[in-house]
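As structure tokens, the structure follows; a few thoughts come after it.
Values in this text are rule-based calculations from the coordinates and carry no lab data. Since the model is a prediction, treat every value here as computed from it, not as a measurement. Note that we place each Cβ from the backbone using ideal geometry, even for glycine, and neighbour counts take in every protein chain shown.
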Amino acid sequence: MAVAATIGGIGQATAAGDTYVASYFDKTCLRAEVSFKSDGEIWTISDKCEDGHAVAVQTKSPYSWTNYYRGGWANQSKTIDSSYPEGTKVTFRACAEFGQTLRCGEWATAIA
């Protein structure tokens with residue numbers, strides 16, 4: 001299981017096995033958590049607060065996209081299937097949406 005060390009909105013993912021995790025904290029709570037399971041190439045976006053802010057996973061090169069989860073209740077999650085060539089490094093981070101602005105933790109890297 002991966003562990004994310006996060007302080008004041010800054011996150012860094014570490015990996016163990018095939019699961020990678022990144023988080024976004026702010027002053028009130030753990031807002032968002034994103035995990036990537038490389039064996040099934042499944043993303044899980046988790047909403048960890050009870051205040052209705054959307055959460056998101058954001059990736060960058062070689063595949064750049066953002067996928068939001070607007071479930072609205074604490075500790076609910078959304079899964080996203082993806083397909084990457086074996087050994088591909090994917091850079092990602094966890095975010096929360098405030099108005100039309102994303103606030104995110106640090107970028108982390110997963111290996112498919």
I'd like to compare 91-102, 25-36: which one has the highest average count of other Cβ atoms within 10 Å, and what's the full order after that? 25-36, 91-102
How much FRET efficiency would the formula 1/(1 + (r/R0)^6) give for Asp39 and Gln100, where r is the Cβ-Cβ distance and R0 is 35 Å, rounded to 0.05? 0.50
Charge context of Thr19, other residues only, Cβ under 15 angstrom, K/R +1, D/E -1: -3
